[in-house]
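What follows draws every value from the coordinates through simple rules; no lab data is involved. This structure is a prediction, so every number in the text was calculated from the model and none was measured. Cβ atoms come from the backbone with ideal geometry, glycine included; neighbour counts cover every protein chain shown.
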Amino acid sequence: MIQVLDDARDRLSALGREAAKRADDGASYLGGLTKEASRRADDSASYLTDLTRQVSRRADDSARYAYTKAKTERVSWTMVAGALGVGFVTAFALLNSKKAAVATTTAMSGDWFEILSAERRRIERLFKQIEGTSDDQAVKRARLSDALSTALTKHALQKENVIYPALRGSDQGASSTHLAAEQFEIKTYLYELEALPKDDPRWMRKLKALQHLVEEHMQEEEETVFPPFHAALSPAENARLTRAMNREALKLV
C-alpha cells in the first residue's frame, strides 16, 4: 500500500514538472510571438515613414520643377499673376508652394476652352481606371472615386461661375440653362455614389450611368456649344474668361 502511494506521489510530481515545463515553453512561444509582432509593427511604421518622405519629396520636386520652368521660360511673377488673375504676392507664394505645379500648370496651359478640354481628358482617364476595379478593391476604388469627384467639382465650379453666365448672354444662351441642369444631375450622382459602399454591386452600375451622362454632357459642350462661342469672342474677351476661370480653380487649391 505504501509503495502504491509512493508511486502515485512520484507520478504526480512528474506530471507537475511536465506541466511546469509546458507552461514555460508556452510562455517562451508567446514571448516570441510578441517580439515578432513588435518587429512587424516597427517595420510597418518604418515603411509608412518612408512613404511619407517619398510623397513629401515628390511634392517638393514638383514645386521646384514649376519654379525652374517659370524661370527658364522667363515667366515673370507679373505674367503668372496676370494669367491667374491674382496679385503679385499671391503669384509669388503660389510658385513657391507645394501646390505650385498644379496652379501654375493650369494657369499657363492655354485659354479657358483648352483648359476645359484637358480636364475632360483627365476625367475620362479616371473613369477608365475606376472601371478596371472590382468589388473587392474598395480601397483603390475609393481613392480613384475621390479623385474623380474632385476633378468633376473643379470642372463644374469653373463652368457654373464663369462660362455658363457668359454663355447666357450669347447666341448659345439657351444651352447654358440646359447644361447647368445637367451639371446639377452630375452632382446628384456624385452624392449618391458617396453614400453607397464601394464594394456594393450597385455602386459600379451607378458610376457607369454617371459616366454616360458626363461623356454626353462634355461632348455637347466641346463639339457643339463652346466652339462657336469661343470663336465669337475677341482675344481680349477670351483672356478675361480665362483669368476669371483660373480664379475659380484657385478656390479649390
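Here are the numbers for the structure shown:
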| item | result |
| --- | --- |
| Where Gln172 falls short, out of the listed (1) surrounded by fewer than 17 Cβ atoms within 10 Å (Cβ to Cβ); (2) more than 20 Å from the chain's Cα centre (by Cα) | (1) |
| Hey, Met218 of a type outside the set (Val, Ile, Thr), closer than 20 Å to Asp111 by Cα and under 24 Å from the mean Cα position of the chain (by Cα) or not | yes |
| Some residue of segment 158-178 being among the basic types (Lys, Arg), in contact with a Lys or Arg (Cβ under 9 Å, 6 or more places away or on another chain) and touching a residue at least 12 places away in the same chain (Cβ under 8 Å) | no |
| Count of segment 139-158 residues which are of a type outside the set (D, E, K, R), more than 11 Å from Ile123 (Cβ to Cβ) and within 11 Å of the chain's Cα centre (by Cα) | 3 |
| Only listed residue being β-branched (Val, Ile, Thr) and exposed (fewer than 13 other Cβ atoms within 10 Å of the Cβ), chosen from Thr242, Thr224 | Thr224 |
| Scope segment 177-191; condition over 15 Å from Phe127 (Cβ atoms) and within 18 Å of the chain's Cα centre (by Cα); matching residues | Lys187, Tyr191 |
| Residues (of a type outside the set (D, E, K, R), under 17 Å from Arg205 (Cα atoms) and outside any loop (DSSP other than H, G, I, E, B)) located in segment 129-153 | Gln129, Ile130, Ala138, Ala142, Leu144, Ser145, Leu148, Ser149 |
| Subset of segment 228-251 (residues that are small (Gly, Ala, Ser) and within 30 Å of the chain's Cα centre (by Cα)) | Ala239, Ala244, Ala249 |
| Subset of segment 169-193 (residues that are under 18 Å from Leu144 (Cβ atoms) and either among the aliphatic types (A, V, I, L, M) or in contact with an Asp or Glu (Cβ under 8 Å, 6 or more places away or on another chain) (or both)) | Ile186, Leu190, Leu193 |
| Which listed residue is surrounded by fewer than 17 Cβ atoms within 10 Å (Cβ to Cβ), closer than 22 Å to Asn246 by Cβ and of a type in the set (Gly, Ala, Ser), from Ala147, Ala166, Ala138 | Ala147 |
